[in-house]
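These notes are about the structure you will find just below.
The values are calculated or read from the model by the stated rules, or taken from the named source; none is laboratory data. Only a predicted model underlies this, so the values are computations on that prediction, with no experimental measurement involved. When we count neighbours, we look across all protein chains shown, and the Cβ atoms used for this are built from the backbone with ideal geometry, even at glycine. These area figures cover heavy atoms from the full protein model, side chains too; ligands, DNA and RNA do not enter into them. Shrake-Rupley method; radii C 1.70, N 1.55, O 1.52, S 1.80 Å.
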Amino acid sequence: MKTSLFNFELPESLIATEPANPRDAARMLVISDAFEDKLIADLPSFLRPGDVVVFNDTRVIPARLFGKRGEAGVEILLHKNLTSPSPLVGEGGERGYLWQCFARPSKKIKSGDRVFFAENFHAEVIRKLPGGEVLLQFNCTGSVMRAHLERHGHMPLPPYIEKKRYADESDKSRYQTVYAKHEGSVAAPTAGLHFTDKLLSAIDAAGATRAHVTLHVGGGTFLPVKTEDTDDHIMHSEFATITPETADLINREKANGGRVIAVGTTSLRTLESAVDEGGTLNAFSSETDIFITPGYRFKIVDMLLTNFHLPRSTLFMLVSAFCGLEKMQAAYAHAITSNYRFYSYGDACLLYRQDQGTTEAVSFA
């Protein structure tokens, strides 16, 4: 499909740079046969006993680092740890993590350069990669690396927020879900940022079951689709896990008539990566680069809670596959005229899956 079909004009004033306070005060556009303007706090009223609400319990690390290459400043965004579970041996016999990273500026960086972030905390450039990325080997690992990141790292807010402000102390908690558990993401699963302990309890009270999967979100989630045709786009891969117990739980509730509600596109992509053609969810622990565009036939997810996404992004393509391109174009037009807040710190929408099949494209009104 032509990438231009997924383009739209968004007023910059609707790009949220601060989160809603409290979290569950954000707005929620319900998209089914019609549009309903609600709040995130209303979500439990759309659930019924037997439903399974699936959350991504990844934990964001302070992945943005500012260092020096000689006298030149360098900004590093960690993207993917390539050494786990067997880190390479680094300088002085230390075992150092090998990370694929985005670097800025990257033009003058060359193999063999060292980037210093603090005393006893540095990395060597192993080689340059396409697209402004570099391969860095750090001089530490494990708890030492985590301690350095906690002290010197910054939460990796998306570029459209970083253009206006750098992360501050409040982002360390607000750019993290309240149920975050497994470290590894360099971007938040943003639909989950709306949840509070009170809202989670309300989901339980509605008779729905909560389940957790893990997908470590990579920096590639910020990258726009630059190809003219979606078939030519190379999707970034991310590591995801579903335990056997979670797969059994979801399969059992689904067989009993419950619906599967994915909180965020990362949860949806994890589930759809692990389900077979017959609709049975399997345990999963692997990289996934699933790229969902209109025409994809969903096998397990019935509803999706997600934020409002960027034009020409893989995520807007995904929601267009889930709900129909024409309907999502109309929904986004409604959201824009109704002043919904967009992107990571913005509002959300609750999508009901359309009948399986391809929807024709139309232009935004």
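As a test of understanding, state the convex hull volume per residue of the chain from its alpha carbons, in Å³. If you can, show how the numbers build up before the last one.
Numbers: hull volume 50.5 nm³, N = 365.
Spelled out: Cα convex hull of the chain, divided by residues, is 138 Å³.
Among 43-52, 281-290, how do they line up by average Cβ neighbours within 10 Å per residue, starting with the highest?
On the way: 43-52: 17.8, 281-290: 15.1.
Top to bottom by mean Cβ count within 10 Å: 43-52, 281-290.
The residues of segment 160-238 present an accessible area of 45 Å² per residue when probed at 1.4 Å with all protein chains retained.
With +1 assigned to the C-beta of every Lys and Arg and -1 to the C-beta of every Asp and Glu, and no other charges, what is the dipole magnitude of the chain about the Cα centre in debye, to the nearest 20? List each step's numbers first, then the result.
Details: 39 positive and 44 negative charges, 174 e Å.
Its charge dipole is roughly 840 debye.
Averaged over residues, the count of other Cβ atoms within 10 Å places the peptides 202-215, 308-321 in the sequence 308-321, 202-215, highest first. Ignoring aspartates and glutamates fewer than eight residues from residue 128 along the same chain, the ones with Cα atoms less than 12 angstrom from its Cα are 113. Would you mind checking the tilt of helix 314-323 against the longest principal axis of the Cα atoms of the chain, expressed as 0 to 90 degrees and rounded to 10? Here the helix axis deviates by roughly 10 degrees. Of the solvent-accessible surface of the chain, computed with a 1.4 Å probe over protein heavy atoms with every protein chain present, carbon and sulfur atoms account for 49 percent.
Measuring between alpha carbons in the structure, the pairs from 2/198; 107/226; 198/254; 110/226 lying more than 32 angstrom apart are 2/198. At the listed q of 0.16, 0.21 Å⁻¹, the Debye profile of segment 242-365, built from one uniform point per Cα, gives log10 I(q)/I(0) equal to -0.79, -1.23. Relative to the globular-protein estimate of 2.2 N^0.38 Å, the Cα radius of gyration of segment 228-274 stands at 1.47.
With runs of 4+ DSSP H residues as the only contributors, calculate the mean residue ellipticity of the chain at 222 nm using -39,500 (n - 2.57) per run, divided by the residue total and rounded to the nearest 500.
-5500 deg cm²/dmol
How do 53-65, 237-249 rank on mean C-beta neighbours within 10 Å, highest first? It would help to have the intermediate numbers written out before the result.
On the way: 53-65: 23.6, 237-249: 17.8.
Ranking, from highest mean packing down: 53-65, 237-249.
Kirkwood Rh over alpha-carbon pairs of segment 122-192, then Stokes-Einstein at 20 °C and 1.002 mPa s: what D in µm² s⁻¹, rounded to an integer? Walk me through the numbers on the way to the answer.
Numbers: Rh = 14.3 Å.
Result for D is 150 µm²/s.
For segment 1-154, the solvent-accessible area with a 1.4 angstrom probe is 50 square angstrom per residue.
Both numbers refer to the Cα atoms of segment 303-355; Rg and Dmax are 10.2, 30 Å.
Rg over Rh for segment 1-159 works out to 1.10, both radii taken from alpha-carbon positions and Rh defined as the Kirkwood radius.
Comparing 153, 129, 175 along the charge dipole axis of segment 114-180, the residue lying farthest to the positive side is 129, per the Cβ-charge model.
Note: relative contact order over the chain, using C-alpha pairs below 8 Å and six or more positions apart, is 23 percent.
I'm checking a number: the convex hull volume of the Cα atoms of segment 257-324, normalised per residue, in Å³. What is it?
Dividing the Cα hull volume of segment 257-324 by its residues yields 96 Å³.
Pairwise Cα separations in segment 179-317 fall into 5 Å bins from 0 onward with the following percentages, short to long: 2, 9, 18, 23, 21, 15, 8, 3, 1, 0.
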